[in-house]
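What follows is a set of notes on a single structure, which appears directly below.
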Amino acid sequence: MAPSFIPEDNIQLSSDVSVKAFTSSLAFNSGIGIAIFVAFCIVRHWSKKIYQPRTYLVNKDLRPPELPPGIFTFVTASFKVKDTELLDKVGLDAYMFLRFLRMSA
């Protein structure tokens with residue numbers, strides 16, 4: 001049985017195809033992710049019943065701080081709110097979730 005050798009041209013071609021496939025899938029999935037994020041930022045203003053129910057359904061003393069108007073302003077506002085205020089207003093589950101998001105950012 002003769003040893004099987006792969007010519008170096010095939011290795012280079014395989015490597016080029018792999019890099020092209022990775023970059024094209026990265027670009028495609030990044031585009032989809034950005035489109036979904038922008039859609040969420042727009043739709044969350046129209047559907048307060050779904051995305052911000054605690055801003056109007058609970059007593060005023062339990063409501064979280066009002067978010068500033070704008071499409072992407074909730075991102076910076078979520079990093080600026082104090083931990084004690086967040087824990088008192090929205091509860092331990094939401095507090096831990098936002099702590100996790102802050103840690104990963």
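We did not get these values from a lab; they are worked out from the coordinates using the rules stated. Owing to the predicted nature of the structure, the values given are computational and were not obtained by experimental measurement.
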- How large is ³J(HN,Hα) for each residue in the range 18-35, as worked out from phi by the Karplus curve 6.51 cos²θ - 1.76 cosθ + 1.60 (θ = phi - 60°), to whole Hz, x for Gly and Pro? 5, 5, 5, 5, 5, 5, 5, 5, 5, 5, 5, 5, 5, x, 5, x, 5, 5
- Would you list which lysines come within 20 Å of K89, measuring only between C-alpha atoms, while excluding same-chain residues fewer than 8 positions from it? K48, K49, K60, K80
- Note on the structure: If the chain between T73 and S47 were fully extended at 0.36 nm per residue, the gain over the current Cα-Cα distance would be 7.7 nm
